[in-house]
Amino acid sequence: MAVLTCRGLRKEFAGQVVLDGLDLTVEEHRVVALIGASGSGKSTLLRCVNLLEELDDGTITLDGEEISDPRVDPDRVRRRIGMVFQSYNLFPHLSVLDNVTLAPRRVHRRERAEAEAQARDLLDRVGLGAKADAYPDRLSGGQQQRVAIVRALANSPRLMLLDEVTSALDPELVGEVLAMIRDLKADGMTMVLATHEMGFAREVADQVCFLDAGRVVEAGPPAQVLGEPTQPRTRQFLKRIIDAGRL
Amino acid sequence: MTRAPAPHHDSPAALRQRTPSAAQRRRAAYRRRQTTRSVLVAAASTAALGTLLVVAVTGAPGWDRVRRSFLDPEIARDALPEVLAGLWLNVRLLVCCAVGALLLGLLIALLRTLRGPVFFPVRALAAGYTYTFRGLPLIIVLYVLTLGVPGLRLQGMPPVLVLGGLALVLTYGGYLAEVFRAGIESIHPSQLAAARSLGLTYRQTMRHVVLPQAVRRVAPPLLNDVVALQKDVGLVSLAGPIDAVRAAQIATAQTFNYTPYILAGVLFVLLAIPLIAVTDWVTLRSARRQSGS
């Protein structure tokens, strides 16, 4: 059964249509990469799935439950979804450990000791154990983003939404974050990631969706969408990427 | 929030062993000479200005008379116990009113951030409160509460001092509410998005993510208002209680000498120094934090 199903999503901002009847299905243990130009609706789609934005039309179903129903408690839905942002958005007044344990302690009502043990274990696994007591502004961008991913994982989410998580990073720090996502895929995590890293999308994604003007214009296996695109707009987009030396 | 990664530093030992180039040594020597020069110039100009002021004031034709009526040590000594007793009232009122006004201000600011149609009357009341009490002169609030309200002759009316304190809390609560609100609104929406994405409720997001950052950010202006409150608590003497300034006024009326006012003024400044020092320290610390060093 599909973990996430989006049907006919529509979202407008001040009269500008950002999502225009978008359909998307994500099966369990699958990784879906969203590609497309800035403003094509990738980030808005992820924010709508996490109920950070209100839909103007369409339905979103998570594990068979329609979460776009206004009677659904959004806090309960968000506990099952992990989200990571382009700008990390760590809480600057909390240590790395407190950033990671905030949701387990306050949302899931775990004991402090238990939550901290789990957090230290997760941080150790990604090589950030030594940074547990540091504050976010002492960390490099790559380290901050890895902490943000750990923070989302501490909720044991059903689905991870990654919104251009490497776009704010210096090139030499991109690798460490991508390695972490690769490990997540190996662990069977279901993920939707908006990305500009075409090489990474090709390697890690089971399906690539090309978004343009708020719709999925072309979707399929990475080799097909990135290698032999059938749609003229996909070809145009990829040509610009290749011309810029990014593929 | 987007920061470049920390640069890789050489070990401290390696840095110590390095000898600076000739150009760097010349630059360092030049900077040292400049520093010495600045200190000397500052000392000379301060001395010159100080001498000028002393000569101008003490050389004035009326200096002797002014000194006798404003700076009489004997009168200061006699008035000290009364003025100190009054100052003790100021201190007690300040502590109670500062705590009350901070709590009220925070509550009002939080009420103003509530969303949803259910909370419309609460929001409207909170907004109306801040508009009214920031516009209303403190003296009028004081008169209404300390002279008007007891006139109602209700059962269990609190003493005038409590009513006066209430007037101070209501007035300053309005200012502090706006400072808190500015702090809350200065927290970037991405912080809220991150907190809500983790499943935190609106209330948990406020409590654990927004408020701790907001209060830290507005601590300097909050403390600034507390320093201002320190001077205004004395206004309760308009309703009867004797504070330091009122005690000085009484002593002046007995001797026809203004020295007690100067005494009260000096004591006020001495009382304010620790508070202002804390304010400066907090400001400096938050500035350092923002520059990331």
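The values are calculated or read from the model by the stated rules, or taken from the named source; none is laboratory data. Keep in mind the model is a prediction, meaning the values are calculated, not measured. Every residue, glycine as well, gets a Cβ built from its backbone with ideal geometry; the counts of neighbours run over all protein chains shown.
The set of residues in segment A:49-66 being within 14 Å of chain B (Cβ to nearest Cβ) and either assigned to a loop (DSSP other than H, G, I, E, B) or more than 17 Å from residue B:199 (Cβ to Cβ) (or both) consists of A:50, A:51, A:52, A:53, A:54. Say whether the condition of being in contact (Cβ under 8 Å) with a residue 12 or more places away in the chain and within 14 Å of chain A (Cβ to nearest Cβ) is met by at least one residue in segment B:223-233. Scanning segment B:223-233, I find no residue that is in contact (Cβ under 8 Å) with a residue 12 or more places away in the chain and within 14 Å of chain A (Cβ to nearest Cβ), so the answer is no. Please verify whether residue B:213 is within 18 Å of residue A:88 (Cβ to Cβ), under 28 Å from the mean Cα position of the chain (by Cα) and in a helix (DSSP H, G or I), treating the condition exactly as stated. Considered against the rule, which asks whether it is within 18 Å of residue A:88 (Cβ to Cβ), under 28 Å from the mean Cα position of the chain (by Cα) and in a helix (DSSP H, G or I), residue B:213 comes out as yes.
Name the single residue, out of those in segment A:175-189 being closer than 18 Å to residue A:89 by Cβ and either β-branched (Val, Ile, Thr) or in a loop (DSSP other than H, G, I, E, B) (or both), that is nearest to the other protein chains (Cβ to nearest Cβ). Per the criteria, the residue is A:177. Scanning segment A:26-64 for residues that are of a type in the set (S, T, N, Q) and surrounded by fewer than 17 Cβ atoms within 10 Å (Cβ to Cβ), we see that the one that is nearest to residue A:158 (Cα to Cα) is A:59. When each of B:104, B:125 is tested for being touching a helix residue (DSSP H, G or I) at 6+ places or on another chain (Cβ under 7 Å) and either of a type in the set (Asp, Glu) or within 30 Å of residue B:204 (Cα to Cα) (or both), the lone residue that passes is B:104. Across segment A:134-146, which residue is surrounded by the fewest Cβ atoms within 10 Å (Cβ to Cβ) among those that are within 12 Å of chain B (Cβ to nearest Cβ) and within 21 Å of residue A:104 (Cβ to Cβ)? That would be A:134. Scanning segment B:242-257 for residues that are buried (at least 19 other Cβ atoms within 10 Å of the Cβ) and not in a helix (DSSP H, G or I) gives B:243, B:257. The set of residues from segment B:196-207 being within 7 Å of chain A (Cβ to nearest Cβ) and assigned to a helix (DSSP H, G or I) comprises B:196, B:197, B:204. Going through (1) touching a helix residue (DSSP H, G or I) at 6+ places or on another chain (Cβ under 7 Å); (2) part of a helix (DSSP H, G or I); (3) within 11 Å of another protein chain (Cβ to nearest Cβ) one by one, residue A:155 falls short only on (2).
Would it be correct to say that residue B:37 is in a helix (DSSP H, G or I), more than 20 Å from residue B:259 (Cα to Cα) and basic (Lys, Arg)? Yes; evaluated as a whole, the condition is true for this residue. When each of A:150, A:192 is tested for being touching a helix residue (DSSP H, G or I) at 6+ places or on another chain (Cβ under 7 Å), modelled with pLDDT of 95 or more, among the aliphatic types (A, V, I, L, M) and part of a helix (DSSP H, G or I), the lone residue that passes is A:150. Determine whether segment A:165-174 contains at least one residue that is in contact with a helix residue (DSSP H, G or I) (Cβ under 6 Å, 6 or more places away or on another chain), acidic (Asp, Glu) and either closer than 18 Å to residue A:245 by Cβ or crowded, with 18+ Cβ neighbours inside 10 Å (or both). No, segment A:165-174 contains no residue that is in contact with a helix residue (DSSP H, G or I) (Cβ under 6 Å, 6 or more places away or on another chain), acidic (Asp, Glu) and either closer than 18 Å to residue A:245 by Cβ or crowded, with 18+ Cβ neighbours inside 10 Å (or both). For the criterion of being under 19 Å from the mean Cα position of the chain (by Cα) and within 14 Å of chain A (Cβ to nearest Cβ), residue B:193 fails.
When residue B:175 is tested against (1) without any contact (Cβ under 8 Å) to a residue 40 or more places away in the chain; (2) under 24 Å from residue B:217 (Cβ atoms), just one condition goes unmet, and that condition is (1).
Among residues that are touching an Asp or Glu at 6+ places or on another chain (Cβ under 7 Å) and not hydroxyl-bearing (Ser, Thr, Tyr), residue A:138 is not included. Taking the criterion of being in a helix (DSSP H, G or I), more than 7 Å from every other protein chain (Cβ to nearest Cβ) and of a type outside the set (A, V, I, L, M, F, W, C), the residues of segment B:177-190 that qualify are B:178, B:181, B:183, B:185, B:186, B:189. For segment B:108-154, which positions are aliphatic (A, V, I, L, M), more than 24 Å from the chain's Cα centre (by Cα) and not in a helix (DSSP H, G or I)? If the condition is that a residue be aliphatic (A, V, I, L, M), more than 24 Å from the chain's Cα centre (by Cα) and not in a helix (DSSP H, G or I), then B:114, B:154 are the ones that fit. Mind checking whether some residue in segment B:42-60 is in contact with a helix residue (DSSP H, G or I) (Cβ under 9 Å, 6 or more places away or on another chain) and either at pLDDT 95 or above or closer than 30 Å to residue A:144 by Cα (or both)? Scanning segment B:42-60, I find no residue that is in contact with a helix residue (DSSP H, G or I) (Cβ under 9 Å, 6 or more places away or on another chain) and either at pLDDT 95 or above or closer than 30 Å to residue A:144 by Cα (or both), so the answer is no.
Among the residues of segment A:113-133, is any facing another protein chain (nearest Cβ under 8 Å), in a helix (DSSP H, G or I) and farther than 30 Å from residue A:10 by Cβ? No - not one qualifying residue is present in segment A:113-133. For the subset of segment A:67-112 comprising residues that are touching a His at 6+ places or on another chain (Cβ under 8 Å) and more than 24 Å from residue A:140 (Cβ to Cβ), which member is nearest to the other protein chains (Cβ to nearest Cβ)? Only one residue fits best here, namely A:79.
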